[in-house]
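Right, one structure below, let's go through it.
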């Protein structure tokens with residue numbers, strides 16, 4: 001269980017680095033990141049839900065772990081929404097340029 005958590009944390013860090021490098025014109029990346037962030041948000045929701053199981057192995061308080069995991073979940077939700085907006089606005093802009 002802790003190995004999976006370590007992998008989830010590593011994936012979270014990698015995706016944050018990818019997000020930081022994303023440009024507003026990277027529509028394909030924004031679409032792909034949007035999907036990835038949504039899947040990762042679901043996973044972190046599950047991690048937060050199972051906080052008591054993780055806490056027994058990590059020797060920390062359930063509240064602290066839950067809050068930490070929930071913050072990751074919320075960040076991923078926001079990143080998903082942002083990437084979705086970037087993709088939609090860029091896609092609409094390209095369509096409008098084609099009609100001009």
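Taken together, the values in this text are just the output of simple stated rules run on the coordinates, not laboratory data. Just so we're clear, the structure is a prediction, and the values are computed from it rather than from any experiment. Here the Cβ positions follow ideal geometry from the backbone for every residue, glycine too, while neighbour counts run over all protein chains shown.
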Over the chain, what is the mean sequence separation of C-alpha contacts under 8 Å (at least six apart), divided by residue count, expressed as relative contact order in percent?
36 percent
Stretch residue 56-residue 91 to full length: gain in nm at 0.36 nm per residue minus the Cα-Cα span?
7.9 nm
Exposure proxy check on 49, 37, 65: fewest-to-most Cβ neighbours within 10 Å is 49, 65, 37
Rg and Dmax of the range 27-94, using alpha carbons, in Å: what are they?
15.4, 52
Residue among 11, 89, 57 with the largest mean-square fluctuation in a Gaussian network model of the chain, springs linking Cα atoms under 10 Å
57
CD proxy at 222 nm, helix term only [per DSSP H run n ≥ 4: -39500 (n - 2.57); per residue of the chain; nearest 500]
-31000 deg cm²/dmol
Highest GNM mean-square fluctuation among 56, 45, 34, for the chain with Cα springs under 10 Å, belongs to 56
By how many degrees, between 0 and 90 and to the nearest 10, does the Cα long axis of helix 27-49 differ from the longest principal axis of the chain?
20 degrees
Quick check: Cα centre of the range 15-50 to Cα centre of the range 64-100, how many Å?
8 Å
Can you give the FRET efficiency to the nearest 0.05 for residue 78 and residue 3, using r as the Cβ-Cβ distance and R₀ = 25 Å?
0.35
Give the angle, between 0 and 90 degrees and rounded to the nearest 10, that separates the Cα long axis of helix 2-21 from the longest principal axis of the Cα atoms of the chain.
30 degrees
Could you give the angle, 0 to 90 degrees to the nearest 10, between helix 62-99's Cα long axis and the longest principal axis of the Cα atoms of the chain?
10 degrees
